[in-house]
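Peer 1: Input: one structure, supplied below.
The values are calculated or read from the model by the stated rules, or taken from the named source; none is laboratory data. Predicted model only: the values in this text are computed from it and were never measured. Reconstructed Cβ throughout: ideal geometry from the backbone, glycine too, with neighbour counts over all protein chains shown. Surface areas here come from the heavy atoms of the whole protein model, side chains and all, with no ligands, DNA or RNA. Shrake-Rupley method; radii C 1.70, N 1.55, O 1.52, S 1.80 Å.
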Amino acid sequence: MRKSWVIGGAAGALGVSFVMLLVVGVYIVAGNLVNGVTSGGRGLAKGAVPAAYKQLVQRWGNLCPALSPALLAAQLYQESGWNPTVVSPADARGIAQFIPSTWATHGIDGDGDGKRDIWDPDDAIPSAASYDCELAKYVKDVPGDVSDNMLAAYNAGAYRVIRAGGVPAISETRNYVKRIRSLEKSFAAPVSRLDPSRQAAGAIAFAQSRLGTPYLWGGNGTPEQGGRFDCSGLTKASYEKVGITLPRVANDQYNAGPHPSRDQLLPGDLVFFSDDLTDSRAIRHVGIYVGGGYMIDAPRTGAVIRFDPIDTPDYFGATRVTEEGAQALPTSV
């Protein structure tokens, strides 16, 4: 059966340019529309998938009920980081990371040119979707979420999932499923419009103007500090530019407003990260959400202000600091 390869350098090699494309696609500074409504919630966030593969992922991601375009996109990103030439240490090949023996039995001629080419995304992406849906049929009677079981079968084989009665107790497989289901949110089109408030747009505009600036612990962006920031210094300065005063440190900023759920996030919301997901006082990092599953943040010493994904295991929650945005939240939040 095929062997998964958790991406590292492959995804990183895409560089800032793709992330810039993603964020520009899902968020336009000055309050313009970020995304439109997608019927059925089975669409892709604008710009989240490289243009060369968007139509393939959209079409084949709707192949069966257990799959969606966002789920297929997250799986391909996890497998290869959209690199169609990558080879894993286990000899898994191409954008969908098939090993040759699995390709021989499950690869399909997706583009109808008479060839089944493991290296061609026009064949490999349809083959990944077809194989996913085939596996979903194998595990449809297994307890648990059918999409989770499908992904586990893609990683470890359907027999192991059936024998285990769900996602098997294999750390690689469990991490594979968890990572893809988390990433899925970053690729899914929102079910409603994302209209950031004017203040939120201004705060993001300031943070964007500081992209590439080196991190400085305790940095407040003063001239004496070379205009450098740490994470909470950046968020504080960004909102000061639009007339909102925030506390200085991240765990205090978390208490500066109501807390939208992941599905309620709007551009401009502060997003927080912690090694203890039960304690807001343990929050150690904050960024400004920009849409599409990404934030602008000042990560750490040795890094620069940049775009980073928010759907990571240490994601703690979010805070909405604009009055207009807070009023749009349910009163129970």
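Peer 1: Are any residues in segment 264-279 touching a Lys or Arg at 6+ places or on another chain (Cβ under 8 Å) and open to solvent by 10 Å² or more (accessible area, probe 1.4 Å), and if so, which ones?
Peer 2: Within segment 264-279, 266, 275 meet the criteria.
Peer 1: Another question, then. What is the one condition in (1) open to solvent by 70 Å² or more (accessible area, probe 1.4 Å); (2) modelled with pLDDT of 95 or more; (3) out of contact with any strand residue (DSSP E or B) (no Cβ under 8 Å at 6 or more places or on another chain) that residue 175 does not satisfy?
Peer 2: Residue 175 satisfies every listed condition except (2).
Peer 1: Follow-up. I'd like the full set of residues that are in contact with a Gly (Cβ under 9 Å, 6 or more places away or on another chain) and free of Cβ contacts under 8 Å to residues at least 60 places away in the same chain, limited to segment 63-94.
Peer 2: 84, 85, 87, listed by residue number.
Peer 1: Sticking with this one: Residue under question is residue 118, and the condition is that it be touching a strand residue (DSSP E or B) at 6+ places or on another chain (Cβ under 6 Å) and either on the phi < 0 side of the Ramachandran plot or in a loop (DSSP other than H, G, I, E, B) (or both); does it hold?
Peer 2: Details: touching a strand residue (DSSP E or B) at 6+ places or on another chain (Cβ under 6 Å): yes; either on the phi < 0 side of the Ramachandran plot or in a loop (DSSP other than H, G, I, E, B) (or both): yes.
So residue 118 fits the description; yes.
Every residue, every condition in (1) open to solvent by 50 Å² or more (accessible area, probe 1.4 Å); (2) aliphatic (A, V, I, L, M); (3) in contact with a helix residue (DSSP H, G or I) (Cβ under 7 Å, 6 or more places away or on another chain); (4) under 20 Å from residue 312 (Cβ atoms), yes or no:
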{"site": "234", "(1), (2), (3), (4)": "no, yes, yes, yes"}
{"site": "240", "(1), (2), (3), (4)": "yes, no, no, no"}
{"site": "248", "(1), (2), (3), (4)": "yes, no, yes, no"}
{"site": "253", "(1), (2), (3), (4)": "no, no, yes, yes"}
{"site": "295", "(1), (2), (3), (4)": "no, yes, no, yes"}
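Peer 1: For segment 69-97, what are the residues that are among the small types (Gly, Ala, Ser), surrounded by 24 or more Cβ atoms within 10 Å (Cβ to Cβ) and either out of contact with any helix residue (DSSP H, G or I) (no Cβ under 7 Å at 6 or more places or on another chain) or at pLDDT below 95 (or both)?
Peer 2: Just the residues of segment 69-97 that are among the small types (Gly, Ala, Ser), to begin with: 70, 73-74, 80-81, 88, 90, 92, 94, 96.
Applying the additional criterion that residues be surrounded by 24 or more Cβ atoms within 10 Å (Cβ to Cβ) yields 70, 73-74, 80, 94, 96.
Listed by number, the residues that qualify are 70, 73, 74, 80.
Peer 1: Going through segment 109-134 one residue at a time, which ones are closer than 14 Å to residue 63 by Cα and open to solvent by 50 Å² or more (accessible area, probe 1.4 Å)? Lay out the reasoning, then the answer.
Peer 2: Within segment 109-134, the first condition is being closer than 14 Å to residue 63 by Cα, and the residues that meet it are 110, 125-134.
The answer is 134, and nothing else.
Peer 1: Looking at segment 208-215, is at least one residue assigned to a helix (DSSP H, G or I) and open to solvent by less than 10 Å² (accessible area, probe 1.4 Å)?
Peer 2: no
Peer 1: To continue, here is another question. Would you check which residues across segment 274-311 are among the hydroxyl-bearing types (Ser, Thr, Tyr) and in a strand (DSSP E or B) and list them?
Peer 2: Selection gives 274, 289, 294.
Peer 1: Of all residues in segment 136-155, which are at pLDDT 95 or above and touching a Phe, Trp or Tyr at 6+ places or on another chain (Cβ under 6 Å)?
Peer 2: Hits for segment 136-155: nothing passes.
Peer 1: A follow-up question, please. Quick one: residue 166 ticks every box in (1) open to solvent by less than 20 Å² (accessible area, probe 1.4 Å); (2) in a helix (DSSP H, G or I); (3) under 30 Å from residue 90 (Cβ atoms); (4) touching a Gly at 6+ places or on another chain (Cβ under 7 Å) bar one, so which box is it?
Peer 2: Every listed condition holds for residue 166 apart from (2).
Peer 1: Could you please tell me which pairs satisfy a Cβ distance under 6 Å, a separation of 6+ or placement on different chains, a first residue in segment 125-145 that is in a helix (DSSP H, G or I), and a second residue that is of a type in the set (Gly, Ala, Ser)?
Peer 2: 126/110; 127/107; 128/96; 135/153; 135/158; 136/66; 138/158
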